[in-house]
1. Restricting attention to the stretch A:285-320, and to residues there that are at the interface with chain B (Cβ under 9 Å from one of its Cβ atoms) and assigned to a loop (DSSP other than H, G, I, E, B), which single residue is farthest from B:Ala320 (Cα to Cα)?
2. Within the stretch B:382-411, track down each residue that is in a loop (DSSP other than H, G, I, E, B) and either touching a strand residue (DSSP E or B) at 6+ places or on another chain (Cβ under 9 Å) or at pLDDT 95 or above (or both).
3. Condition test on B:Arg247, is it crowded, with 19+ Cβ neighbours inside 10 Å, among the charged types (D, E, K, R) and in contact with a Gly (Cβ under 6 Å, 6 or more places away or on another chain)?
4. Applying the selection to the stretch B:133-161, what residues are away from chain A (no Cβ under 11 Å) and aliphatic (A, V, I, L, M)?
5. Could you tell me whether the stretch A:22-32 includes any residue that is in contact with a strand residue (DSSP E or B) (Cβ under 9 Å, 6 or more places away or on another chain), more than 24 Å from B:Ala143 (Cα to Cα) and of a type in the set (Gly, Ala, Ser)?
6. Within the stretch A:267-284, count every residue that is more than 7 Å from every other protein chain (Cβ to nearest Cβ) and over 15 Å from A:Cys164 (Cα atoms).
7. Kindly indicate whether any position in the stretch B:182-199 is within 21 Å of B:Met283 (Cβ to Cβ) and touching a strand residue (DSSP E or B) at 6+ places or on another chain (Cβ under 6 Å).
Number of protein chains: 2
Amino acid sequence: MSEPLRLGIAGLGTVGTGLLKIVQTHPDLLAARAGRPLAISAVSARSRGKNRGVDLSDYDWEDDPVALARRDDVDVFLELMGGENGPAKAAVEAALASGKHVVTANKAMLAIHGQAMAEAAEAAGVALRFEAAVAGGIPCVKALAEGLAGNRITRVMGVMNGTCNYILTRMAKAHLTYNEVFEEAHALGYLEADPTLDVGGIDAGHKLALLASIAFGTRVAFDAVQLEGIDRVSIADIEQARDMGYRIKLLGVAQMTGRGLEQRMQPCLVPAKSPLGQLDNAMNMIVLEGDAVGQIVLRGAGAGEGPTASAVIADVMDIARGAVLPTFGQPASTLAAAPPACSAAPAPYYLRLMLQDKPGALAKIATALGDAGVSINRMRQYGHDDIAAPVLIVTHTTSPDALAHALAGIEATGTLVDPPVALRIEEV
Amino acid sequence: MSEPLRLGIAGLGTVGTGLLKIVQTHPDLLAARAGRPLAISAVSARSRGKNRGVDLSDYDWEDDPVALARRDDVDVFLELMGGENGPAKAAVEAALASGKHVVTANKAMLAIHGQAMAEAAEAAGVALRFEAAVAGGIPCVKALAEGLAGNRITRVMGVMNGTCNYILTRMAKAHLTYNEVFEEAHALGYLEADPTLDVGGIDAGHKLALLASIAFGTRVAFDAVQLEGIDRVSIADIEQARDMGYRIKLLGVAQMTGRGLEQRMQPCLVPAKSPLGQLDNAMNMIVLEGDAVGQIVLRGAGAGEGPTASAVIADVMDIARGAVLPTFGQPASTLAAAPPACSAAPAPYYLRLMLQDKPGALAKIATALGDAGVSINRMRQYGHDDIAAPVLIVTHTTSPDALAHALAGIEATGTLVDPPVALRIEEV
């Protein structure tokens, strides 16, 4: 048996603890599969005394993750602290500069500093891997960068934030408003200290930007992700979309078009019978589309101790087996700066219009749509009270520009009680 | 840029042709991702003159695949001919003996000779990879052997034969019998020359045996797969299972239990709302369960030129990038001979009993079940003609032995018009 692969683990929260449990529970299994044992040299975390339910007595302790990253007896530095700057960034930079492989679950850090870190890793001839940063336990980085390496990728989609999918599912099943479910989730401790990271789509946007880089051979461009959270999704839209055969999901979509690289993270309608439409609760799903393979769908837990640690250890196992692949699927120096698409690809849209109950109102709406070149696929008017009639429209495929023009025209008719709601329908 | 990786391709049917198209269409993309160009040195097939819609003029031609496998200008030998013995086996053995990496899509060959070939590959220090042999374009071998390498695998399941899933879907949607759909598929050219490979579950059984080897660290044991085809699945069972909230799938299941390694490929009921239950037409699905990651579901095309070639090229790209992993996830010499489980794990069962329409018949059935220790979860009796009343029963979890005992007792009552139907319900 070869020499052990020696690990230094910085961060003993949920993921770090889960990783220790795997290494402690299955040493023989891991050694058989890796061809060599895994050994933990030292660990680091903010609080040494905290009881984490795992035995740390065999490992050295380092208060400073940077010192841990530089230890001579560490071959792989595992950054499981989080935070896009601060100690995480300093420690990863120190590890790479010291010629250590790095495995991280830190999507925020990589979404900002991924390019520089990938270049540093390649200059040092070491691996920088991040399977756990995207969709937790789902091996989607590997599927995309390796399993689909022979494909020109045409589109990457996914539900990448379990909290958002849980909130949307709960709204739909319990007929609750966004605010009601948000308060409930808060009371149950499901939300991050800063819930905007989840419900604002930022966390999922980080993940999308990382996948887009691999898919399209471009530098990570989180700033160019068009972000929209779920806080404005209404129970009315969830239920009326359902009546039309759709579900509302916080969906990430990345595709390279003639207009440039399109990256969107926004509430979208997807067909209720599609795998994405059927994804309930906190599950994640990644959809990869390539010119040869067609569509591949990956489903699993996107967070949690076991699933995330499973992804971290997979990266470690690859390194133990001798695989040193480029961080984003090809050498970082060859990644292109992709021009962000100035507008999204054409798509059908769902419109909900709260119409004044007056003769001729619907005719004015239809005229405004027609004038903008937006044609109607399906329309429904619901029963209503005295003030407003909800009108639902599914358009044929239309450009976002034409849609914006139509919505302006509709508002100008003065027939709406509330601003119009328009949600993109993603064809899956 | 490094030296090209030189390929020799034996077999220019659907998969070989698809592979050539990928290599010819995306040379720069592949070179960027692999860090080196791919170059095809020579090809081989049964008929040189056949028009395959791809240009072969840049490649040497070999009539003999064994000669191709031994060429000095071949680094990777691609075996895309098929057949468990004959030229495929001879050429792979020649390639390995000559120190060439081998990539194959040949599940039948590996299900029989996988252990010996893996040992030969490891002795030569080369890779023997087979992503395309299981579930076509779905990168499930990679997901299992690499992505879930830190997990003790608890169960592997899957719909691994698109033809069978197509037939079962078509029966359900068009209300046709197995024989009607079989004839239809035959007329459309969807079936293999020997359709038993598909509808008898043999092809899917080969795939299951390969996945089980990786999952449980055991030598491939195709002989120990409990095989049952779909030819006895009736439209009555499909429709009545649907009424009870289930779908019938040709489902492969492998799990290690206290009784040994259980490998089954048989028609099973799965919940209609589960990802497996929702899988229609010729799609494939692989479900991987691990102690840390929970359940991972992978969905995609299991056959066809593009998807299968996508899997072949993924293996080539790994080799180009320098990854030489053990064929079955750990060194072949360390794979254990797993004792086949003498019986399957307990499960609920679906029973369809065509009962004589006589007073007391149902009581006798219920007594026979009770005497065998099989308890009833749900029961339905359908409207009927004068001769027989169809009775559907979903049992609670029961051992296959108790079930067999119960079925013998039921038959002994003399109340059945037809032999009883019993199908396992796999909890997913």
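The values are calculated or read from the model by the stated rules, or taken from the named source; none is laboratory data. The shown structure was predicted, so the numbers you read here are calculated from the model rather than taken from an experiment. We place every Cβ from the backbone using ideal geometry, glycine too, and count neighbours over all the protein chains shown.
1. A:Gly304
2. If the condition is that a residue be in a loop (DSSP other than H, G, I, E, B) and either touching a strand residue (DSSP E or B) at 6+ places or on another chain (Cβ under 9 Å) or at pLDDT 95 or above (or both), then B:Tyr382, B:Gly383, B:His384, B:Ile387, B:His396, B:Thr397, B:Ser399 are the ones that fit.
3. On the way: crowded, with 19+ Cβ neighbours inside 10 Å: yes; among the charged types (D, E, K, R): yes; in contact with a Gly (Cβ under 6 Å, 6 or more places away or on another chain): yes.
So B:Arg247 passes the test.
4. As a first pass, look at the stretch B:133-161 and keep what is away from chain A (no Cβ under 11 Å): B:133-134, B:154-161.
The answer is B:Ala133, B:Val134, B:Val156, B:Met157, B:Val159, B:Met160.
5. No, the conditions are met nowhere in the stretch A:22-32.
6. Looking only at the stretch A:267-284, we keep the residues that are more than 7 Å from every other protein chain (Cβ to nearest Cβ), and these are A:267-274, A:276-277, A:279-284.
Imposing the further condition that a residue be over 15 Å from A:Cys164 (Cα atoms) reduces the set to A:270-274.
Number satisfying all stated conditions: 5.
7. No, the stretch B:182-199 contains no residue that is within 21 Å of B:Met283 (Cβ to Cβ) and touching a strand residue (DSSP E or B) at 6+ places or on another chain (Cβ under 6 Å).
Condition check ((1) polar (S, T, N, Q); (2) part of a helix (DSSP H, G or I); (3) at pLDDT below 95) across all residues:
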| position | (1), (2), (3) |
| --- | --- |
| B:Ala185 | no, yes, yes |
| B:Ala204 | no, yes, no |
| B:Ala209 | no, yes, no |
| B:Ala212 | no, yes, no |
| B:Ile248 | no, no, no |
